[in-house]
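What follows is a set of notes on a single structure, which appears directly below.
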Amino acid sequence: MSKRYVLGIETSCDDTAAAVVTPEGEVLSSVRISQDAIHAQFGGVFPEYASRAHIFNILPVVDQAIREAGVPIEDLEAIGVTNGPGLVGSLLVGINTASALGMAWNKEVYAVNHLRGHIRSVNLEGQEIEYPSLLLLISGGHTIMGVMKTRDDFEVIGQTRDDSLGEAYDKVGRMIGLAYPAGRAMDDLTAVGETSIQFPTPLLRDGYEFSFSGLKSSVRRYLEKNTEYKQADIAASFSKSVVTILRKKTDLAIKEFSPKSLVVVGGVAASPVLRAMFREICEAQEINLRLPPIKWSTDNAAMIALATYDYIDKGIKLELSPRYRVPVNDY
Ligand code: KG4
Ligand code: ZN
């Protein structure tokens, strides 16, 4: 049987990425150009600059991904491209590029839900999910908890009412002078800081709903009152609240839904602090923990390429137009 190869393209936010992946999750190439340096000065993604940078970067990124994979164009089965959720101007660059390449190379082009890509990131490099599974998607755009009975049966049990978890990391990081995106630096500081400040744990006892905007505001109020603070102590105390919230809700959901595995995906799942906490929970509750390797937690095109096979194999071809919002349990 000849091998199958899909080219994935991802431009939903501020990373321009392309990858070639097999249905088994083998990553033949994955190229990503980050725009962090461009957006750092604004403390967040500046959409106009994001789409312009995508225009500059997309063709070299795709070219490199194809060359590194060593797969001749004629052997590519299809192209998969993120069509949302994301910034419309950014999505358009990926979609238009994929459409043009599809025409030039005579390949089918599939529109892929970015969130399905994050869920599929767990299967990159061969890991499998045992169902039913409890899923936590924690990224810069989303904070969603749900139960997956199969890959196609996903029920949302809770989400954030305001800021996403990644947004909270980035905004608190910005308040203490860290560059965007601040998640990684917040983690590094957490390792050396003291959890000496009591920040709140909003909605701790409210089932599976999350809220991070109150936590963020309480950090702001603390900083206004205490101008002499230690950066690392703020980061560590903020992380402590996050850990308390995630631990409580994950424990509760494992007791209620008895999943065989816990799956944690999205950029914030790159956090070693949170990874260690989820490991502890799963050991205590005796269930499997399924985390994507750290490099596949943050946005990448390999997860989009892998998710494309779900669309090909089910014959799901959606319109190639950008979608600002897309439900997590939709195609
Ligand atoms: O999944 P992602 O790359 O993009 C979205 O789809 O939103 O997630 C980006 C988010 C950012 O908010 C970033 O600060 C956060 O993931 N992040 C982290 C870490 N690495 C990235 N948060 C906490 N700890 C990290 N190590
Ligand atoms: Zn993402």
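All of the numbers you see were taken from the coordinates with simple rules; none came from a lab. Fair warning: this is a prediction, and the values are worked out from it, not measured in the lab. Because the Cβ atoms are built from the backbone with ideal geometry, glycine has one as well, and the counts that use them run over all protein chains shown.
So which of LYS171/LYS225; LYS216/LYS249; LYS107/LYS314; LYS225/LYS248 end up more than 23 Å apart by C-alpha?
Working: LYS171/LYS225 18 Å; LYS216/LYS249 19 Å; LYS107/LYS314 17 Å; LYS225/LYS248 30 Å.
Where the Cα-Cα span goes over 23 Å, the pairs concerned are LYS225/LYS248.
State the Kirkwood hydrodynamic radius of the chain in Å, one decimal place, computed from all pairs of distinct Cα atoms.
Values: mean 1/r = 0.0494 Å⁻¹.
It works out to 20.2 Å.
From the helices alone, meaning DSSP H stretches of at least four residues, give me the mean residue ellipticity at 222 nm for the chain, per-run term -39500 (n - 2.57), in deg cm²/dmol to the nearest 500.
On the way: 10 runs with 140 residues, N = 331.
That comes out to -13500 deg cm²/dmol.
Any idea what the alpha-carbon Rg over 2.2 N^0.38 Å comes to for region 112-155? Before the final figure, lay out the partial values.
Numbers: Rg = 10.3 Å, N = 44, 2.2 N^0.38 = 9.3 Å.
Working it through for region 112-155, the quotient is 1.11.
For the peptides 95-108, 178-191, what is the packing order when you average, over each peptide's residues, the other Cβ atoms within 10 Å and list the highest mean first?
Details: 95-108: 16.4, 178-191: 20.6.
Top to bottom by mean Cβ count within 10 Å: 178-191, 95-108.
Compare the peptides 20-30, 110-120 by average per-residue count of other Cβ atoms within 10 angstrom and give them in order, highest first. Mind showing how you got there, number by number?
Working: 20-30: 20.7, 110-120: 27.0.
Listed from highest to lowest mean packing, they are 110-120, 20-30.
Place a point 7 Å from the Cα of LYS317 along the Cα-to-Cβ direction; which residues of region 52-92 have their backbone N under 20 Å from it?
Counting only backbone N, you get 74-84.
State, in angstrom, two size descriptors of region 203-331 derived from its alpha carbons: Rg to one decimal place and Dmax to the nearest whole number.
Looking at region 203-331, its Cα Rg and Dmax stand at 18.5, 59 Å.
Give the value in nm², to one decimal: projected area of the alpha carbon convex hull of region 79-181, averaged over all directions. Before the final figure, lay out the partial values.
Details: hull surface 35.6 nm².
Quarter of the Cα hull surface area: 8.9 nm².
Residue separation times 0.36 nm, minus the C-alpha to C-alpha distance between SER258 and ALA40: what's the value? Intermediate values should be presented prior to the final figure.
Details: separation 218, 0.36 × 218 = 78.48 nm, distance 4.19 nm.
Taking SER258 through ALA40 to full extension adds about 74.3 nm, to one decimal.
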